[in-house]
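This report concerns only the one structure given below.
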Amino acid sequence: MAQDMLFICILCRASHTEEVQASLSEGQSLFDRLQAGLETSDEKHHIRLQPVRCMGACDRACTAAFIAPNKLTFMLSQLSPIDSVPDLLEFSCQYIATSDGKVPYKDRPATIKQKIHAVLPPLPSQS
């Protein structure tokens, strides 16, 4: 069965300073906090958190992408490694619950509404 995925760029370094562990990039901190949140969530068996080394949006760090077969892809940027975690976890549940990734705008958490970098259509089905 195909699985919904949440990609997080672990190399991202935000231009502003937040209180995160000095030895970690902000992207790695975001990944670690999401991983801890998913471990205590019922959704941990449904979304796969995947670290990536670069998503090509270095000037808009921290970046993430929700992706799954036959669903919209949501690319997010300028995420806080601390403040965005609850909203990303909430959106993970919403994204998983849809068959096409179309979470109604009015239902999306604030971080998702504010930090969308791009929404990409699903790949066309090969017939």
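Axis of helix 26-39 versus longest Cα principal axis of the chain: the two differ by about 60°, to the nearest ten degrees.
Per residue, the convex hull around the alpha carbon atoms of the chain comes to 109 Å³.
What percent do you get for the relative contact order of the chain when only Cα pairs under 8 Å and 6+ apart count? Intermediate results must be reported in sequence, preceding the final value.
On the way: 231 pairs, mean separation 36.4, N = 127.
Relative contact order of the chain: 29 percent.
Spin-label model, ASP83 to ASN70: label points 7 Å out along the Cα-to-beta-carbon direction sit 3.8 nm apart. For CYS58 and ASP107, what does the FRET efficiency come to when R0 = 30 Å and r is the distance between their Cβ atoms, rounded to the nearest 0.05? E between CYS58 and ASP107, to the nearest 0.05, is 0.45. Using alpha carbons only, how many degrees (0 to 90, rounded to 10) separate the axis of helix 85-97 from the longest principal axis of the chain? Tilt relative to the chain: about 10 degrees. If only the Cβ of Lys and Arg carry +1 and only the Cβ of Asp and Glu carry -1, the dipole of the stretch 4-120 around its Cα centre is close to 380 debye.
We did not get these values from a lab; they are worked out from the coordinates using the rules stated. All of these numbers come straight from a predicted model, not from anything done at the bench. Every residue, glycine as well, gets a Cβ built from its backbone with ideal geometry; the counts of neighbours run over all protein chains shown.
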